[in-house]
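The values are calculated or read from the model by the stated rules, or taken from the named source; none is laboratory data. Remember, predicted model here, so these are calculated numbers, not experimental data. Methodologically, a virtual Cβ is constructed for each residue, glycine included, from the backbone with ideal geometry; neighbour enumeration extends over all protein chains shown. Accessible surface areas use protein heavy atoms only, side chains included; no ligands, DNA or RNA. Shrake-Rupley method; radii C 1.70, N 1.55, O 1.52, S 1.80 Å.
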Amino acid sequence: MPKQYDLEERTFQFAKNVSLYIKEFSRTISNIEYGKQVVRASGSVGANYIEANEALSKKDFIMRIKICRKEAKESAYWLRLLVETNGEKYTEGGSKLSKEATELKKIFSSILEKSK
């Protein structure tokens, strides 16, 4: 049997990596605000996935997965803002995290399609 990838662990690692990435930025007003937003959104992806796995109904499960997808999209947005308003040294890390946010969004879209 192929090894199943643990999405709970993957979303946890994503939120953790975002948090570590944010620590690298200078403390300007915009960086602090964008940082708060991306930390909140990235953490919400995993938290809502855990909630989805504990859903009381199919409708509840679908709603939680939609929230996961929305928060992944939002994470990519805030990461892009951070990258594009700071120096080039933040581009690589931000791009990797944005790519992961996009991949998570696609995974949740696929789960939604299969849940209908």
Take residue 77 and residue 53, extend 7 Å from each Cα along the Cα→Cβ direction, and tell me the distance between the two endpoints in nm. 2.7
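Under a 1.4 Å probe, what is the accessible area of the chain per residue, stated in Å²?
Counting only protein heavy atoms, the per-residue value for the chain is 65 Å².
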Tell me, what ³J(HN,Hα) does each residue in the range 103-116 have, in order and in whole Hz, if you take phi through Karplus 6.51 cos²θ - 1.76 cosθ + 1.60 with θ = phi - 60° and put x for Gly and Pro? 4, 4, 4, 5, 4, 5, 5, 5, 4, 4, 4, 6, 8, 7
Gain in span if fully extended, residue 32 to residue 17, counting 0.36 nm per residue against the direct Cα distance: 3.7 nm
Packing-wise, with mean Cβ within 10 Å as the measure, how do 104-112, 25-33, 82-90 rank, highest first? 104-112, 82-90, 25-33
So what J values fall out for the range 71-84 if you push phi through Karplus, 6.51 cos²θ - 1.76 cosθ + 1.60 with θ = phi - 60°, rounded to Hz, Gly and Pro as x? 5, 5, 4, 5, 4, 4, 4, 5, 4, 4, 4, 4, 5, 7
In the Gaussian network model of the chain, springs joining C-alpha atoms below 10 Å, which of 72, 47, 101 carries the largest mean-square fluctuation? 47
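Of all the accessible heavy-atom surface of the chain, with the other protein chains kept in place and a 1.4 Å probe, what percent is carbon and sulfur?
Details: 4080 of 7540 Å².
Here it works out to 54 percent.
Are any of the pairs 16/89; 23/99; 16/58; 73/116; 23/59; 36/96 more than 26 Å apart by Cα-Cα distance, and if so, which?
Listed pairs above 26 Å: 16/58; 23/59.
Gain in length, residue 84 to residue 113, computed as 0.36 nm per residue apart minus the alpha-carbon separation, to one decimal in nm?
Full extension of this stretch gives 7.2 nm more.
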